[in-house]
Amino acid sequence: MNRIIAPSILAANFLELGKEIECINNSNAQWIHFDVMDGVFVPNISFGAFILEQVHSITPKPLDVHLMIIKPDDYIDQFANAGASNITVHYETCQHLHRTIQSIKDKGIMASVCLNPHTPVELLSEILPDVDMVLLMSVNPGFGGQQFIESTYEKVRKLRRMIDDKGLKTLIEVDGGVNTETGKKLFDAGANVLVAGSFVFKASNRQLQIDSLLQI
């Protein structure tokens, strides 16, 4: 099973963002995760498509964009044009999720859906064949460095069974509280992609920290 590490630049030092991206470029991390927050859907504000465009200009790695915003349909074109390789929208913000997913795919990039911790995976049964990936939040979205929600392991196992039963190749991504302990359990449960923010960017050696996740 594929194992992908996606460092979240939300935890990076923005005074030296170019150097931070270069560090990830030189690591074995496969993706870069980009958290977009609007201060409405989640209680924080982060950055937009302009920053994504700048990051895209200095990295060859796929940019995994997570839209934690209301009305994501209004911004799909902006982020796709700025260099997103994947756009994830929240189940909780999309009134017509199938249409939103199709509009992302129409841009020629991966389309994914995210569930907050309280949202059951069973609600994805009808949309699962249409998405490339499901992102499960293992903390309440909005801030980095939160404590991991233990029920996430069972949620990953349920989702893995749903995917396998349908014969799909949909990836499972998990974001929040990822470290070597939780990461191993998540991979064992069936996750493919781990988003790591503080665990990577607070480390003195980011490359070794990323390798520690890939080797668990």
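Worth pointing out:
- Residue match in segment 181-198 (condition: crowded, with 18+ Cβ neighbours inside 10 Å, basic (Lys, Arg) and over 16 Å from the mean Cα position of the chain (by Cα)): no
- Only one of the numbered conditions (1) surrounded by 14 or more Cβ atoms within 10 Å (Cβ to Cβ); (2) under 15 Å from residue 7 (Cβ atoms); (3) modelled with pLDDT under 95 is not met by residue 146, and that is (2).
- Among the conditions (1) in contact (Cβ under 8 Å) with a residue 12 or more places away in the chain; (2) surrounded by fewer than 21 Cβ atoms within 10 Å (Cβ to Cβ); (3) under 14 Å from residue 134 (Cα atoms), the only one that residue 169 does not satisfy is (1).
- Qualifying positions in segment 63-80 - in contact with a Phe, Trp or Tyr (Cβ under 8 Å, 6 or more places away or on another chain) and buried (at least 17 other Cβ atoms within 10 Å of the Cβ): 63, 64, 65, 66, 67, 68, 69
- Residue 174 fulfils the conditions (1) of a type in the set (A, V, I, L, M); (2) assigned to a helix (DSSP H, G or I); (3) under 21 Å from residue 89 (Cα atoms) except for a single criterion, (2).
- Residues located in segment 122-152, provided they are β-branched (Val, Ile, Thr), more than 14 Å from the chain's Cα centre (by Cα) and closer than 15 Å to residue 89 by Cα: 127
- Residue 83 on the phi > 0 side of the Ramachandran plot, in contact with a helix residue (DSSP H, G or I) (Cβ under 6 Å, 6 or more places away or on another chain) and either surrounded by fewer than 22 Cβ atoms within 10 Å (Cβ to Cβ) or at pLDDT 95 or above (or both): yes
- Taking (1) among the hydrophobic types (A, V, I, L, M, F, W, C); (2) surrounded by fewer than 22 Cβ atoms within 10 Å (Cβ to Cβ); (3) under 26 Å from residue 10 (Cβ atoms); (4) in contact (Cβ under 8 Å) with a residue 24 or more places away in the chain in turn, residue 127 satisfies each apart from (3).
- Qualifying residue in segment 130-152 (condition: over 28 Å from residue 202 (Cα atoms), part of a helix (DSSP H, G or I) and touching a residue at least 12 places away in the same chain (Cβ under 8 Å)): yes
The values are calculated or read from the model by the stated rules, or taken from the named source; none is laboratory data. Everything numeric in this text was worked out from a predicted model, so none of it was measured. Cβ atoms come from the backbone with ideal geometry, glycine included; neighbour counts cover every protein chain shown.
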